[in-house]
1. In the list Gly122, Gly15, Gly74, which residue meets the criterion of being of a type outside the set (S, T, N, Q) and at pLDDT 90 or above?
2. Please count how many residues of segment 5-51 are more than 17 Å from Trp133 (Cα to Cα) and either of a type outside the set (Phe, Trp, Tyr) or surrounded by 22 or more Cβ atoms within 10 Å (Cβ to Cβ) (or both).
3. Return the residue satisfying two criteria in turn: it lies in segment 94-108 and is surrounded by fewer than 19 Cβ atoms within 10 Å (Cβ to Cβ) and under 18 Å from the mean Cα position of the chain (by Cα), and of such residues it is farthest from Val13 (Cα to Cα).
4. For Val118, indicate whether it is more than 25 Å from Lys145 (Cβ to Cβ) and in contact (Cβ under 8 Å) with a residue 24 or more places away in the chain.
Amino acid sequence: MSSGRVSSEVLVVDGYNMIGAWPELRELAKQSLEDARDRLIELLSDDQGFTGRRVIVVFDAYEVPGLGAKIEQGNVEIIYTKEKETADECIERLVDSLQKRGVQIYVATSDMVEQHVVFGKGALRISARELLWQVEENRRHVREKIRWKQDTQRNSFDTRIDETLRDRLEKWRRSGK
């Protein structure tokens, strides 16, 4: 799938591994696996907007008959593996393919065997806990930036008055009268 985005970094995420490891998603999955998938994609989409890196989430459909699917949702590429293909196999294939393009690849999974395999193929590994920390930290930075911008705009008197009055007040201030 080509989205037209060019990034020197790619984050490949083992979707169900994150759902099982992140407390919010694990609880959500008890009610609805679909809602947990959507929430993961929402969080990763927001993070992608902050980091600018390309994000690919792989969901294992090993037991589900069919050809698999590739879709894009919120600037996140989503791959549902085809029948008889595990997420690990798909991730390894992606790493091989992306490695040929000369991009830095990060694979997010807490599966130790998979971490060693992708590391051996040249990708950097990120545990589920590390990715959660990165996503939360990036969300905190975005909230702080928005709050600072709102505070700056809210506290700036001259952004609320028209230009003529602002010029008159500035002349008055400079004249000292």
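The values are calculated or read from the model by the stated rules, or taken from the named source; none is laboratory data. Because the structure is a prediction, the values reported are computed rather than measured. Heads up, the Cβs are rebuilt from the backbone with ideal geometry, glycines too, and the neighbour counts pull from every protein chain shown.
1. After applying the criteria, what remains is Gly15.
2. Residues that pass the stated criteria total 18.
3. Among those that are surrounded by fewer than 19 Cβ atoms within 10 Å (Cβ to Cβ) and under 18 Å from the mean Cα position of the chain (by Cα), it is Val103.
4. yes
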